Each structure stands twice: as structure tokens, then as C-alpha cells.
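Shown next, in C-alpha cells, is the structure this report addresses.
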Amino acid sequence: MLALTELGKRLKEARIEKGLSLEDLQKETKIQKRYLAGIEEGNYDLMPGKFYVRAFIKQYCEAVGLNVEQTFEQYHADIPSAQHQVAPEELSRVKTRTKEVAPKNSKVLDALPKAIIAAVVVGVLVLGWVIALYINKDDKEQANSNDSKVESQSEQSSDAQKEDSNDDSEQASTKTDDNKEAEKKEDAKKEEEKESDKDESKSKLTAVEGAANAGTYKLEGADEFKLELTATATTPSWVGVTNGKGNSFFSSMLQKGKTETIDLTNEQEVKIRVGFAPGVEVKVNGEVVQYPSDPKQNVTQNVFIQYDGSEANSES
């Protein structure tokens with residue numbers, strides 16, 4: 001067995017302090033357990049590539065609450081570089097394949113002028129056929145238009161008489177319709193103002209208590225409990241959402257620009273655990289939830305929300 005590196009010791013200590021096993025960490029980071037063990041032991045040969053080593057170490061740090069930049073700077077000697085050098089054997093194989101493909105390409109180039117000439121001939125024939133169709137179509141349309149002119153003149157005289165008789169009745173009905181439309185808009189505007197005043201007076205999210213990286217909030221007077229989680233930073237963050245009974249609603253890495261919406265209206269108590277708080281915005285019913293403490297100082301945050309939907313339903 002390989003000796004633990006300084007980085008591997010630090011990561012393992014942080015995991016144990018969090019009370020997490022390798023199986024727990026595998027669920028949070030979605031990284032296979034054997035890769036996590038390889039990181040702790042410094043056995044990077046298990047990884048699919050150097051780039052994945054750095055990415056897996058970064059996710060490991062976020063899951064156990066370590067600052068990624070500080071950890072990479074402090075233990076840079078234990079972290080392999082992501083640069084990739086091409087071996088001479090690989091270059092020679094690429095050159096050989098290029099030579100093998102060249103004859104085939106030359107045959108294609110020889111046949112290309114013949115294909116272009118054939119395409120041009122076909123295009124000319126198709127164009128002549130389309131022009132002939134349009135000429136025949138125009139002749140028919142012109143003959144039909146002459147017949148329709150005679151019919152339209154007689155129809156116009158009779159339509160003019162009908163329009164004169166209908167103008168008066170249409171004007172009266174137009175005025176009535178305009179009045180009804182104005183009344184509908186006014187009623188709709190009043191209804192929107194009532195709904196707006198009702199919502200503002202009922203829904204309220206207040207902080208009950210807070211600690212270094214944990215805080216409890218109470219949601220009152222709301223008919224629903226909608227939670228929105230949005231990743232705002234390039235660094236992905238793990239987020240977990242559970243209720244008071246420990247049932248999980250969401251447990252995954254949240255990538256930049258990704259928004260997860262969860263309906264928690266039927267829950268009375270919810271816990272939200274954010275692995276990298278500076279990169280995640282939490283909203284409840286469209287309102288941004290302020291973290292209990294500065295996320296730059298405490299990157300891992302725990303938010304508890306108490307909600308009693310029965311009060312809102314009884315008031316409505």
C-alpha cells in the first residue's frame with residue numbers, strides 16, 4: 001500500500017471531521033469510491049487522466065468544506081499537472097495514417113470536376129423546367145382575372161348598397177363594445193391590485209436564530225413553499241435538500257447557470273446544506289435568502305426553514 005501524501009492526510013482528516021465515510025462521500029460527489037481512496041493514498045495511477053485527478057480533488061475539497069484555492073496552493077507538490085505531452089511514437093503513427101489517407105483523397109479530387117459538371121447540367125435542366133411551368137401558370141391566371149373583373153364589378157355595386165345600410169348599426173355596436181372593453185380592463189386592474197396587496201401582506205420570511213454557518217428561518221402567511229437553487233459561479237457546488245424526517249428532495253452537484261426548483265408546500269421543516277455557498281443563490285417564493293454568515297468566511301452553510309402552510313390556507 002502506498003504511503004499517504006500530506007494532501008491525502010489532510011483530506012482524510014477533513015472527511016472524518018465531517019463524519020463522512022467513503023460511501024457517503026461517493027454519494028455526495030458522484031465520484032467512485034476507489035478514486036476517492038486513491039486520492040487519499042496518493043495513488044493517482046487509478047485515475048483516468050491527470051485532468052480528472054485535479055477535478056476529483058477539487059470536488060473532494062468542496063464536499064468536506066476545504067477552501068479549494070488554499071488547498072491547491074498549499075499542497076501543489078502533491079497535485080499532478082494537467083499538461084499532456086504527446087509521445088514521439090504517437091506523432092509517428094499520426095504521420096503514417098496521413099500518408100495512408102493521401103491516395104484516397106487524390107482519387108476524390110480527380111473525380112470532383114466531373115461531378116461539378118454533372119451538377120451544373122442537371123441544374124440548368126431543372127431551371128428550364130421551372131421557367132416553363134411559371135409561363136403556363138401566368139397565362140392561365142391572366143385569363144381567369146379577366147373573367148373575374150366582370151363579376152366583381154356587379155358584386156361591388158350590390159355590396160356598396162349593403163355597406164351603407166350597415167354602417168349606422170356597426171357604429172352603434174362599436175361604441176357599446178368599446179365601453180364594455182374599457183370596463184373589463186378597469187375591473188381586471190382593480191383585481192390585480194387586490195391580489196398584489198393580499199400577497200404582500202401575507203407572505204413573510206423571517207430569521208429566527210443563526211450561528212457561524214447555520215441559521216433558522218420561518219416562512220409565514222404563504223400559500224406555497226417554492227425553493228429555487230441557482231449556481232452563479234464557475235465552481236460547481238454540492239447542494240442537499242432534506243425534510244425533518246430525513247427524506248431527500250435533492251442531492252447533487254449544481255453546475256454554473258443551472259437552476260433547480262423544488263415544491264416543498266407539503267413540508268413543515270426543510271434543511272438546505274450548501275457545500276460552496278459563494279456560488280449558490282437560494283430563493284424562497286422568489287425572495288433571496290441571506291446566509292447566516294459571510295459565505296466567503298464560511299463556504300459551507302446550513303439553512304433551516306420552518307413552514308406552516310395551514311395558517312395561510314385558513315386565512316385565505
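The values are calculated or read from the model by the stated rules, or taken from the named source; none is laboratory data. Just so it is clear, the model here is predicted, and its values are computed rather than measured. Cβ: placed from backbone, ideal geometry, glycine included. Neighbour counts: every protein chain shown. The protein model used for the area step is the full one, side chains on, heavy atoms only, and it has no ligands, DNA or RNA in it. Shrake-Rupley method; radii C 1.70, N 1.55, O 1.52, S 1.80 Å.
If the segment from Val121 to Ala182 were pulled out straight at 0.36 nm per residue, it would be longer than the present Cα-Cα gap by 15.4 nm. Per-residue packing, averaged as other Cβ atoms within 10 Å, sorts the ranges 261-272, 219-230 into the order 219-230, 261-272, beginning with the highest.
Near Phe250, the amide H atoms lying under 5 Å from its own belong to Val241; only residues 5 or more places off or on other chains count, and H is placed 1.01 Å from N. Determine the shape class of the range 1-68: with a ≥ b ≥ c the square roots of the Cα gyration tensor eigenvalues, call it rounded for a/c under 1.5, and otherwise prolate if a/b is greater than b/c, oblate otherwise. It is rounded, given that a/c, with a ≥ b ≥ c, falls under 1.5. Each residue, Glu41 and Leu4, gets one label point 7 Å from its Cα in the Cβ direction; the gap between the two is 1.4 nm. Available extension along the chain between Lys256 and Glu193 is 19.0 nm, counting 0.36 nm per residue and deducting the alpha carbon span. For Thr216, the residues 5 or more places off, or on other chains, whose built amide H falls under 5 Å of its own are Val208, Glu209, Gly210, Phe304.
Split the accessible area of the range 1-86 by element, probe 1.4 Å, and carbon with sulfur accounts for 48%. Using a probe of 1.4 Å, the accessible surface attributed to Arg273 totals some 60 Å² when neighbouring protein chains are kept in position. What residues have an amide H closer than 5 Å to that of Leu20, excluding those fewer than 5 places away on the same chain, when H is modeled at 1.01 Å from N in the peptide plane? Answer set, sorted by chain and number: none. Counted by Cβ distance under 10 Å from Ile262, the other residues give a net charge of -3, where Lys and Arg count +1 and Asp and Glu count -1. Counting Lys and Arg as +1 and Asp and Glu as -1 over every other residue whose Cβ lies under 9 Å from the Cβ of Tyr60, the net charge comes to 0.
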